[in-house]
1. If I histogram all Cα-Cα distances within region 1-66 using bins 5 Å wide from 0, what percent of pairs lands in each bin?
2. Expressed as cubic angstrom per residue, what is the convex hull volume of the alpha carbon set of the chain?
3. Near M64, within a Cβ-to-Cβ distance under 15 Å, what is the net charge of the other residues, with Lys and Arg +1 and Asp and Glu -1?
4. Looking at region 1-66, which chymotrypsin sites (Phe, Trp or Tyr not before Pro) are DSSP coil and have at most 12 other C-beta atoms within 10 Å of their C-beta?
5. Which semi-axes, in whole Å and largest first, does the equivalent ellipsoid of region 30-81 have when worked out from the alpha carbon gyration tensor as the square roots of 5 times its eigenvalues?
6. Figure the gain on full extension for N35 and R112 (residue separation times 0.36 nm, minus the Cα-Cα span) and round it to one decimal in nm.
7. Cα-based count: Lys pairs in the chain below 27 Å, eight or more positions apart or different chains?
Amino acid sequence: MTFKLPHFILPAPVAQLGARLPQLPPTLALIAALNLALGRMIPRHLLEPLLNKRFCIRVTDAGMTLRFAYGTRGFRPIFDAAKPDLTISARSRDFIALLTREEDPDTLFFARRLLMEGDTDLGLLIKNTLDGIELPGPLKFSW
């Protein structure tokens, strides 16, 4: 039996608390995962258009804002308040559904559950690159 991720939204106090907590630890976790995937799952040559681009991932119901950039040495956190080239926002459940490939980005985007702001061409490039990645195994949950 395959587990289907239930629809949920974290309670508002979680977002309020999350917004007050340091954002660097979850940002470092994200960029560590991205840097581990470089060359293994994500070919570096596909990411050349991302060089020196700034990104922001907002997990709206968790109050998290992860700011990072891509450079010649990989992904790194950014600390200034300069406007990112691309911001992607969604609830935690929707990001998990994307990771497990339970839902695709187009469905979430057109349902207004995934928002992209800034350089939409950059967003499409990222989407197409991620769509082309073969995951090492199914990320589906089974009972």
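Just so it is clear, none of the values below were taken in a lab; they were calculated from the coordinates. Keep in mind the model is a prediction, meaning the values are calculated, not measured. Reconstructed Cβ throughout: ideal geometry from the backbone, glycine too, with neighbour counts over all protein chains shown.
1. Here the calculated profile for region 1-66 is 4, 14, 16, 17, 15, 15, 13, 5, 0.
2. Working: hull volume 17.9 nm³, N = 143.
That works out to 125 Å³ per residue.
3. Charge balance in the 15 Å sphere: +3.
4. F3, F8
5. 21, 13, 9
6. Numbers: separation 77, 0.36 × 77 = 27.72 nm, distance 2.91 nm.
Between N35 and R112, full extension yields 24.8 nm more.
7. Working: K4/K127; K4/K140; K53/K83; K53/K127; K83/K127; K127/K140.
Eligible lysine pairs with Cα atoms under 27 Å apart amount to 6.
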